[in-house]
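The values are calculated or read from the model by the stated rules, or taken from the named source; none is laboratory data. Model, not experiment: these values are computed from the prediction. Backbone-built Cβ (ideal geometry, glycine too); neighbour counts: all protein chains shown. We work out accessible area using only protein heavy atoms, side chains counted, and drop any ligands, DNA or RNA first. Shrake-Rupley method; radii C 1.70, N 1.55, O 1.52, S 1.80 Å.
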Amino acid sequence: QHQMWATQLIDFEKPHSWLALALGTMGYGLPAAIGARVGSERFHEAEAGWLIDGDGSFQMTSEELATAFHDHTPVKIALLNNSVYGMVRQWQTLFYGEHYSATNLMDGENTPEIVDVPDFVKLAEAYGCIGMRAFTEEEAIDDQEANEINDRPVLIDFRVWKDAMVWPMVAAGDSNDNVTYMPGIKPLQRPKAAADNE
């Protein structure tokens, strides 16, 4: 989900400024962001490198924060933390009658004694990085100071709604002309009467 939202919502104005893996392999982001930042320092004028990642994906390679810290690679991490494996949950919501299996990380849900598992701010700090958290738009704007930090990685734990979905989408096994724009809305689908007349 984080990869598709970034692709849809960010205006990339320069070539070679966006890296994404076609199949959305979990864990690709942090190592790729470190490599991209190092490459920009060696071959171009260094610019702020941002990783846009989901909480599930980030956990696959979060130990690479040590690499970024020790190599003084100031990658910025925008962690879209919805406390679920978002894309799998979306499919379970839409196609499996909300039967959720192994996707809800229950971060603070119905367990007040467990607020953050893991606490990504503390995790970042444990690796010598800067950790921040934003629950609201105002807090997100306040965290823009992350762009000014250039001696170590910065992670911002952006809390987002667990049932936010990516649109448009095509269900498994469907053809691309049966795209769903939003629940119940399929703009490319012809009315049944028109299809029957052909």
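Hey, can you rank 50-56, 158-164 by average C-beta count inside 10 Å, highest first? Spell out each step's value before the answer.
Details: 50-56: 23.1, 158-164: 16.1.
So the peptides 50-56, 158-164, ranked by packing, come out 50-56, 158-164.
May I ask you to rank Phe120, Phe135 by accessible area, largest first, using a 1.4 Å probe over the protein chains only? Numbers along the way, then the final one.
On the way: Phe120 5, Phe135 125 Å².
Result, largest first: Phe135, Phe120.
To the nearest 10 square angstrom, how much accessible area does Ser62 have with a 1.4 angstrom probe?
20
If packing is taken as the average number of other Cβ atoms within 10 Å across a peptide's residues, how do 173-185, 122-134 rank, most packed first? Present the calculation step by step, with values, prior to reporting the outcome.
Values: 173-185: 10.8, 122-134: 18.0.
In decreasing order of mean packing, 173-185, 122-134 become 122-134, 173-185.
For segment 44-102, which whole percent of the accessible surface, found with a 1.4 angstrom probe, sits on carbon and sulfur atoms? Don't skip to the answer; put the middle values down first.
On the way: 1540 of 2850 Å².
Looking at segment 44-102 in its full context, I get 54 percent from C and S.
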